[in-house]
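Just so you know, all these numbers are worked out from the coordinates, no wet-lab data involved. All values derive from a computational prediction rather than experimental measurement. Counting neighbours? That spans all protein chains shown, and the Cβs are built from the backbone with ideal geometry, glycine included.
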2 protein chains.
Amino acid sequence: MKIGNCVIAQSGGPTAAINATLAGVYSAAARNFAIGKIYGGQNGIEGILNEKLVNLGEIFDKKENLKLLKTTPSSFLGSCRYKIKSGDEGKAVFEKIFDVFTKYNIKYFFYIGGNDSMDTILQLEQYQRKNGGDVSFIGVPKTIDNDLTCIDHTPGFGSAAKYIAASIKEIAADTAVYDMDSIVVVEVMGRNAGWLALSASLAQDSKGKCLADLIYLPENSFDFEKLIKDIKSVMETKRQLVIVVSEGIKTADGKMVAESSVKDSFGHGQLGGAAKVVEAFIKENLGIKTRSVELNVLQRCAGHFLSARDINESYMIGESAVAAALDGKTGVMVTTKRAAEEFYGLNIDVTDINLIANKEKTVPENFMNSEKNGASEHGLRYLKPLIQGEIELPMESGLPKHIYLKDFI
Amino acid sequence: MKIGNCVIAQSGGPTAAINATLAGVYSAAARNFAIGKIYGGQNGIEGILNEKLVNLGEIFDKKENLKLLKTTPSSFLGSCRYKIKSGDEGKAVFEKIFDVFTKYNIKYFFYIGGNDSMDTILQLEQYQRKNGGDVSFIGVPKTIDNDLTCIDHTPGFGSAAKYIAASIKEIAADTAVYDMDSIVVVEVMGRNAGWLALSASLAQDSKGKCLADLIYLPENSFDFEKLIKDIKSVMETKRQLVIVVSEGIKTADGKMVAESSVKDSFGHGQLGGAAKVVEAFIKENLGIKTRSVELNVLQRCAGHFLSARDINESYMIGESAVAAALDGKTGVMVTTKRAAEEFYGLNIDVTDINLIANKEKTVPENFMNSEKNGASEHGLRYLKPLIQGEIELPMESGLPKHIYLKDFI
């Protein structure tokens, strides 16, 4: 087992669970004698490059702070969208990063992030294999998009799914109050993978009927004529509809719906996201009162309504990253497999980063119904366990209490 | 004390607390021997007109259902935007309503709603005074807009304010992660009264600094040049800004900002709400990465994150409506006064509906700072008590459990 210091950094879009993972990595590292100082890199890999390193021990030896971190949404250490370039420019960057590793005696590097971050881990691992070095590079997954391969579901997805499902339930209740035909189109995140839109299917009424009447994912081509047919079909038995669309829905020609130019009756082009375009199309073609709601960044940082399973798993995955590193692993990401479909249980392991970086897991066909406008039973069975349980939040003046890096640097 | 039946109806936009008030009216009526049957009118006054009356005793004699009602958002009985017309058309409507009252032996009418609903109470009271009758007409306040007069704050406002403040806290955390200049413009509801936008000031960091850096209300004219000045001033010490605007902000000429036609650099007109217009203006004039978030209907029905004080007060105000009716009052709305600014306490009373109907309470000048771009200490002291406390929600499959009228009719 190597003796040395470690650095943890966070990258990509923030989530409500990424700090729970940071807390997991920190606490496993802190209780291990092989690891000395635990540094946090500010703003992802940029923090290593610019030597913006924070001594996390000074913050999190206080149990109270570590507890706060677990339920603070967004990235405590800040984030970046930095991609290491190839060629000479990239070479200089790698050299600088490894110089910093040497200078600070870093033997373990934990990178909490999504697809792009796993590419960084892959590149660092490849560079080291070619040029020598003894740093363990461990990818620690996070993304609300749930689009990483080799993992049952990604940390952060469960809390986002829970927030979305609760919001859809509330939007459905809100739109049902007037005795008139009406439609709400809700846009959720997901450019290529429709996991978040699919999670809207978890919003059900007392009889188990899905409150998102129609759900459209980017995995299937979006057909405006089919939409009208679907709406008419639902409206045979129901006057107020909720339609959920992924931001990335595309028509058969591969064109993003969000970029479509639907003209209203005055000839004005409608700008905005997919929901705005769908809203305008429905108004124009069916004349039904329609409004659109974009869940926007709220869905990725809703720390006030967390899935306990997601937060606890995210923490455990952080701990497992440290165990893997101390076990001599490098160039891997922590991954999970579901033990059985009937009785939920999660097996944690690691997988070669080559199988993960730059790959994307979309929603399988059998997770959707045959009409491709909602979840199948199979899809629902997959989703349901992920939103279970509530976390008792530390509160202050009626609001969830957060912890801020700026208070310590 | 009159012996007879009562009818309760809900009107106007839904809120997260309007059903808590319904639960309060129901339970006070149910334990009182003077009141026989307790009817619910479906879709507000329209339910009376169309004799769509539900026997609420059959639903809520089950304690479990009444408990669910208290935390179910939106209007359990449905709503309407119906206004009784004047002249002959109105006369026929009044006659029909009073016929229904006679037919069902209604002696007490409780109308839970906002401004328009109080106008209905006023008109019914006036009609009865002129034409005879012995029905007690009691207005029971609700509105997230907090714009009713003669009341310290309206039921529903506290929960909406709590949701908005928590969301602003999360949006601020979300936007702070990248090491670059950026602005988020958040639009909240409020056409003429800026109470909801003001409540964004409750989102504070660990040092008590407001996380909504700039807040603009419809009470003050919105000046685009002043906005630029304000942004530059905040950006002297901070790189990521959160700006909150009421949907109803207007320029000095009285024109809604939402209706402004700001053209982007391609000459395209930007459509959408106030936040979209402000977003486009900032991008065009400062070239800073800007996005807008519209909280939309989410803010009025966020039953997953309630203010315990709001829900409990809403329930008590419902109970007080029954007490007032049995005390012989009619043509009144239940109102409240804050006992003292330092130690929060609420005195409940009733006020003549003439003083309330068709009036609007906007944010007083001294609730805002001198720059008119944030709350004053006085404003914060007013807001803080209203978002205190959490409610333990009945959960089902990881989501808040709701009760639906359609399951009983």
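Summary of computed values
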quantity: Column: log10 I(q)/I(0), Debye, Cα scatterers of segment B:150-219, q = 0.22, 0.28 Å⁻¹; calculated: -0.99, -1.36
quantity: Around B:Lys130: net Lys/Arg minus Asp/Glu count, Cβ-Cβ under 13 Å; calculated: 0
quantity: Residue with peak Gaussian network fluctuation, chain A [Cα springs, cutoff 10 Å], from A:Gly318, A:Gly389, A:Gly331; calculated: A:Gly389
quantity: Candidates B:Asn55, B:Asn43, B:Asn285: whichever shows maximal mean-square fluctuation once chain B is modelled as a Gaussian network with Cα springs under 10 Å; calculated: B:Asn285
quantity: Surface/4 estimate of mean projected area, convex hull on alpha-carbon atoms of the protein assembly as shown, nm²; calculated: 35.2 nm²
quantity: Sequence ranges B:367-377, A:125-135, ranked by mean other-Cβ count within 10 angstrom, highest first; calculated: B:367-377, A:125-135
quantity: Ordering of A:84-94, B:111-121 by burial proxy (mean other Cβ atoms within 10 Å per residue, highest first); calculated: B:111-121, A:84-94
quantity: For segment B:123-150 versus segment A:1-65, the gap between their alpha-carbon centres in whole angstrom; calculated: 61 Å
quantity: In degrees, nearest ten, helix A:308-326 long axis to first principal axis of chain A (Cα); calculated: 30 degrees
quantity: Cβ neighbours within 10 Å from other chains - mean over B:389-400; calculated: 5
quantity: Shielding by other protein chains, A:71-84, mean Cβ within 10 Å; calculated: 3
quantity: For B:290-300, mean number of other protein chain Cβ atoms within 10 Å; calculated: 4
quantity: Calculated over segment B:43-101: convex hull of Cα atoms, volume per residue (Å³); calculated: 78 Å³
quantity: Packing rank of B:16-25, B:391-400, A:7-16, where each peptide gets the mean count of other beta carbons within 10 Å, highest leading; calculated: B:16-25, A:7-16, B:391-400
quantity: Contact order normalised by residue count of chain B, Cα under 8 Å, 6+ apart, percent; calculated: 22 percent
quantity: Rounded to 10°, Cα long-axis angle of helix A:115-131 versus longest principal axis of chain A; calculated: 30 degrees
quantity: Sum of side-chain charges, A:Ser74 neighbourhood, beta-carbon under 9 Å (Lys, Arg +1; Asp, Glu -1); calculated: -1
quantity: Between 0 and 90°, nearest 10: helix B:87-103 axis offset from chain B longest Cα axis; calculated: 60 degrees
quantity: Most mobile of B:Val278, B:Val234, B:Val242 in a GNM of chain B (Cα contacts under 10 Å); calculated: B:Val234
quantity: Rounded FRET efficiency, nearest 0.05, which uses the C-beta distance separating B:Glu360 from B:Asn285 and R0 of 35 Å; calculated: 0.60
quantity: Estimated 222 nm signal from helices in the protein assembly as shown, with DSSP H stretches of n ≥ 4 weighted -39500 (n - 2.57), rounded to 500; calculated: -10500 deg cm²/dmol
quantity: Cross-link pairs A:Lys83/A:Lys372; A:Lys2/A:Lys130; B:Lys52/B:Lys130; A:Lys162/A:Lys232; A:Lys289/B:Lys63 - those with Cα-Cα distance over 31 Å; calculated: A:Lys83/A:Lys372; A:Lys289/B:Lys63
quantity: Pairwise centroid distance, computed over Cα atoms, of segment A:350-402 with segment B:276-305, Å; calculated: 26 Å
